[in-house]
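Following: one structure in structure tokens, then a few remarks.
The values are calculated or read from the model by the stated rules, or taken from the named source; none is laboratory data. Note that the coordinates shown come from a computational prediction; the quantities given were computed from them, not determined experimentally. Glycine also receives a Cβ, built like all others from the backbone with ideal geometry; neighbour counts cover every protein chain displayed. With ligands, DNA and RNA removed, areas are computed over all heavy atoms of the protein, side chains included. Shrake-Rupley method; radii C 1.70, N 1.55, O 1.52, S 1.80 Å.
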Amino acid sequence: MTHRGQPAAHGANPITRMEPMRAAIAVIPLGLALAGCPASAEDVRPPADAFYFPTGLALSPDDRYLFVSNANSDLRYGSSSLQLVDVDVVDALVRRWVDDGEVPAGCAQDPEVRETVVCPEEADGDGAAFLVPGATVRLGNFAGDIGTQTLADGRVRLFLPVRGDPSITWVDFDPASELFECGGSGDYPRCDVRHQITQLRGDPDQGTLTSEPFGIFVDGDNGYAVVAHLTTGNVSLVATPPDDSEPPVLADVKGGFFTTRVNGLRGAVGVAGRRPGTADDLVYVTSRVESRVQMLHVEQPLDGGFPLLAPTDYFFVNTVFPADDSRGIAFSAGGDRAHVINRNPPTLITVDTSDDADGRPRNEVLIATELCPQAGIVAVADVGAGERAYVSCFRDGQVWVIDPEAATLEAVVNAGRGPHAIAVSEARKQMYVTNFLENTIAVIDLTPGAPTENRVVVRLGEPDLGDD
């Protein structure tokens, strides 16, 4: 039976949970070797043309492509993978189904949810698959969130916390060739060690990357990425020059921000920038062990040395409502509101982060909206009817649509099994959600007033319902 794990932000640590399976997998090649049939590298490659525990999700800056990381969470294969979805092809599938009422070629109407069509990875619309062929690359196990940076030459640089290494792996995407580049070779390359950020300032004697890199925020204009570590509570800083003059490097690490629980865990999870691209921007970090939100900014030294993380202040999101165990965080456009997921009790907490008379963020809790249990990720967007918060509810298989100003639940979307990462295209009025437990991506129509508003209209990938 295939074990269907879940991202650690939703429960147990998958590296710990999977240790028995890791040991079992390690024995298999030995047994085959004794039988005279050793497993080859081909045997343990993850599928290049299918989703497998899809975890991370990000849109390219022009909304043309969707980057998808697959975590390989049951360790069936020898690596994770990074795939490229052509959003123009996906949009054509949506338009044919929603606008024309035609089931796209290669797809089929869901027999239980008639407003949804299911399009397997090999499905085509006008002859073009939504997974770009030949683009997939391999990474270390348990690849997760994806942060993006637009380089000066138009390429897109992706940063992925990879918990199995551990590393921050960086991959360059060239829109002209529709290919990833991370140093590997062959028709299905694996990213090489030069693209794994593991050593502090490039020197192993100064230290290495802390275990369990998890949440990531990238400020491409200011040239840095900030990473939260799931078990230690550390926060790492990666210098990422947008002119590509130097390769990315682990520049600094800070810790001790959050209370230690009896099991020794501190647990930094969510990370977001208040006003990305502005000078001296503030980065907010949440923790799963307490209600504290830590604020930091990045100091850029005048002598050209490495940038540093500088803690500035912190506040608690339980000052008005009870709160313990915060997860995802996202800012409204302009940075005057922060929306924080809390699990105990399940609430979406809205914080006033606008400037006070002294130019400092107020960080005052405004309101808490009831949430589903085990919420994980929050995205904030405005597709034409005002700003909405979109929250993935892993356990219940739903995405909750919340009007944060009115503190009301506007819609509940049945997304699939184990919804996790969310990306929203405001221009296309579509939301994309990874369904971790069924190996699909849900495409949700957000068009205000449409009959299919807040409904899954296309499911990318054939749902794998498992055998448990």
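Assorted remarks:
- Residue match in region 97-113 (condition: under 18 Å from Pro46 (Cβ atoms) and modelled with pLDDT under 95): no
- When the residues of region 243-271 are filtered to those that are closer than 20 Å to Thr148 by Cβ and touching a Leu at 6+ places or on another chain (Cβ under 6 Å), the one that is surrounded by the most Cβ atoms within 10 Å (Cβ to Cβ) is Leu250.
- Options Arg337, Arg362: the member that is open to solvent by 20 Å² or more (accessible area, probe 1.4 Å), modelled with pLDDT of 95 or more and within 22 Å of the chain's Cα centre (by Cα): Arg337
- In region 57-68, the residues that are on the phi > 0 side of the Ramachandran plot form Cβ pairs under 6 Å with partners that are open to solvent by 30 Å² or more (accessible area, probe 1.4 Å), at six or more places apart or across chains, as follows: Asp63/Ala427.
- Of all the numbered requirements in (1) free of Cβ contacts under 8 Å to residues at least 40 places away in the same chain; (2) within 17 Å of Ala268 (Cα to Cα), Asp336 misses one, and that requirement is (2).
- Screening Val289, Val271, Val283, Val298 for residues that are closer than 20 Å to Thr231 by Cα, of a type in the set (A, V, I, L, M) and touching a residue at least 60 places away in the same chain (Cβ under 8 Å) leaves exactly one candidate, Val283.
- Identification of strands (runs of 3 or more DSSP E) wholly contained in region 397-453 with 2 or more residues that are in contact with a Pro (Cβ under 8 Å, 6 or more places away or on another chain) and within 15 Å of Val90 (Cβ to Cβ) yields 430-435, 440-445.
- Residue count for region 444-468, restricted to those that are aliphatic (A, V, I, L, M), out of contact with any Gly (no Cβ under 9 Å at 6 or more places or on another chain) and closer than 21 Å to Ala330 by Cα: 1.
- Taken as a whole, the structure places Asp100 among residues that are over 20 Å from Asn414 (Cα atoms), free of Cβ contacts under 8 Å to residues at least 60 places away in the same chain and acidic (Asp, Glu).
- Flag if Leu75 is surrounded by 18 or more Cβ atoms within 10 Å (Cβ to Cβ), touching a Gly at 6+ places or on another chain (Cβ under 8 Å) and more than 28 Å from Gln149 (Cβ to Cβ): no
- The strands (runs of 3 or more DSSP E) falling completely within region 141-252 that include 1 or more residues that are over 19 Å from the mean Cα position of the chain (by Cα) and either without any contact (Cβ under 8 Å) to a residue 24 or more places away in the chain or within 21 Å of Asp281 (Cα to Cα) (or both) map to 167-174, 179-181, 235-239.
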